[in-house]
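Below is one structure, written out as structure tokens; comments come after it.
Each value in this text was obtained by applying a stated rule to the coordinates, not by laboratory testing. For clarity, every value in this text was computed on a predicted model and none was experimentally measured. Neighbour counts are summed over all protein chains in view; Cβ atoms, including those assigned to glycine, are modelled from backbone coordinates with ideal geometry.
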Amino acid sequence: MSEPGNGLAGPAPAPARGRRARETVPGRRAPEGQRIAFLESNATGSGYEAILAAKARGCHVTFVTRDLGYYQRPGLLPFPMDGVDRVITCETNDADAIAAALAPLAGELSALISVGEWYMQAAADAAALLGFKGQRPAAVRACRDKSLTRTLCAAAGVPGPRFAVVTTPEGARRAEVGFPRVVKPVDDSMSHGVRLCRDAGEAAGHAAALLSDTHNIRGQRKAPAVLVEEYLPGPEVSVEALVSRGQVRPVMVTEKLLAAPPGFIETGHVLPARLEEPARRACLRVVAQALAAIGYDFGAVHAECRLTPDGPKIVEINCRLPGGQITRLVKLATGLDMTAALIDMYLGRPPPPAPAARLGAAIRFLLGRAGTVESVHGTDGATMVAGVREVCVLARPGATLRDPASNADRIGYVIATGATGDAALRAACAAAAAVRVEVAGPARVPAGGPR
Ligand SMILES: Nc1ncnc2c1ncn2[C@@H]1O[C@H](COP(=O)(O)OP(=O)(O)O)[C@@H](O)[C@H]1O
Ligand SMILES: [Mg+2]
């Protein structure tokens, strides 16, 4: 689940061979026998689910990566090697290199898909070069580059914070967005580097730190700019949706739980969000406006907004499936498999109708602290809590942890369901409280250290 992390290693059996592609009606292809390439993956669940969903649909799966070993390190969820028929290794941070590696297969492949923030752009660019159906590169860019999201949304009158894009600490100090303000990277993810700054000095200091952090977790160069935003008060939700031909099919409104500032580390999700219907509808409306403003017409959406006293305002739009096990929670609550539905969309099928929630579902993340894991207790008791569906502790004795600096520093999670989101959350919290990860100091890796 976390990108770096500690504890578990994924199995690596030899890839099996698949059957050749068979085409049915163009644009409405049956999944069986179709050949799909996945470009890298997130390590938080939905990317791995996508591989298995494609396999379960009878597809031949190619996994394109620059380093398969990245997914097989301790502390990550096990990589689903049994869902992969073929691995192609190439420089996946370069769309031209991906297109060159896949060009000999272009005739047999039906789609190139990515389910991970870091590779959405490269997948869209390479798919366009190869002539595959997929996301428009410009729309992906408008999500991945948050300064572009803000500019396009502001121009279209979509509710959002006052903001400034700056390239110096002085710019972060002087931006006219009021205090407290949020200072954050333009194109990072997992809340990494997002900080609430209460005064000009803090804002300048944090901007300096961000500007000196030149590469992301996957070794990609980050934009040399920082977003300074008005702080949006209020509860936060994400809208999960599928979009095809510009039509937005809402799937779920998810409530987000956060740790105390100055960081914005996620501690859990609850769905359906505990909102009155008018507020829920208002969130859907604002997200639909934002998607229209950025020209987003195909793919999954995980869009975050805050319910401010002036109504919902956009935090960011992710052009991908949600991470953090939200796809699993959606499936538990509604029965809809968003991941499989997205694959079907790439194969020319329309997105499914908006599902109704039959249950509430919740996840509570386990966070550690800097030090060395000595022991893990209480998982059996946690599993016995009524409503609990899964208890997963990724940190193992001997693992070195740092203080949580981003969502990548989770060390496990508990998933639960209940009659309502509230009941599911109560069960998840009770189970999470039963898990004890004993950590001994002193810290060997300080917060904000190497990722
Ligand atoms: N302008 C803002 N006002 C209030 N909270 C914000 C704002 N910008 C970001 N946040 C908080 O920080 C979190 C992470 O920021 P976000 O822009 O979504 O970055 P990431 O891509 O890392 O998820 C958000 O989910 C939200 O809780
Ligand atoms: Mg976010």
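Numbers for the structure displayed
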{"quantity": "Computed over the chain, Cα set: Rg, Dmax in Å", "calculated": "21.1, 62"}
{"quantity": "Using alpha carbons only: equivalent-ellipsoid semi-axes of the stretch 362-445, gyration tensor based, whole Å", "calculated": "25, 13, 8"}
{"quantity": "The stretch 235-297 shape via C-alpha gyration tensor axes, a/c threshold 1.5", "calculated": "prolate"}
{"quantity": "q = 0.11 Å⁻¹, the stretch 295-451: log10 I(q)/I(0) [Debye, one scatterer per Cα]", "calculated": "-0.58"}
{"quantity": "Placed amide H near GLN325: partners under 5 Å, 5+ positions off or other chain", "calculated": "SER46"}
{"quantity": "In the stretch 396-437, trypsin sites (Lys or Arg not before Pro) in a DSSP loop with at most 11 other beta-carbon atoms within 10 Å", "calculated": "none"}
{"quantity": "J(HN,Hα) series, the stretch 236-241, from Karplus relation 6.51 cos²θ - 1.76 cosθ + 1.60, nearest Hz, glycine and proline x", "calculated": "10, 9, 10, 9, 9, 8"}
{"quantity": "Cα point-scatterer Debye curve for the stretch 30-85, base-10 log of I(q)/I(0) at q = 0.14, 0.19, 0.23 Å⁻¹", "calculated": "-0.34, -0.60, -0.85"}
{"quantity": "Amide H contacts of VAL439 (H built 1.01 Å from N, under 5 Å, at least 5 apart or other chain)", "calculated": "GLU374"}
{"quantity": "Fraction of the pair-distance distribution of the stretch 189-233 above 12 Å, Cα-Cα pairs, percent", "calculated": "65 percent"}
{"quantity": "The stretch 223-278: GluC sites (Glu not before Pro) falling in loop per DSSP and having at most 13 other Cβ within 10 Å", "calculated": "GLU276"}
{"quantity": "Rounded Å value of the spacing that divides the Cα centres of the stretch 284-356 and the stretch 135-180", "calculated": "21 Å"}
{"quantity": "Placed amide H near THR267: partners under 5 Å, 5+ positions off or other chain", "calculated": "LEU257, LEU258, ALA259"}
{"quantity": "Lysine pairs meeting the criterion (Cα under 28 Å, 8 or more apart or interchain), as found in the chain", "calculated": "17"}
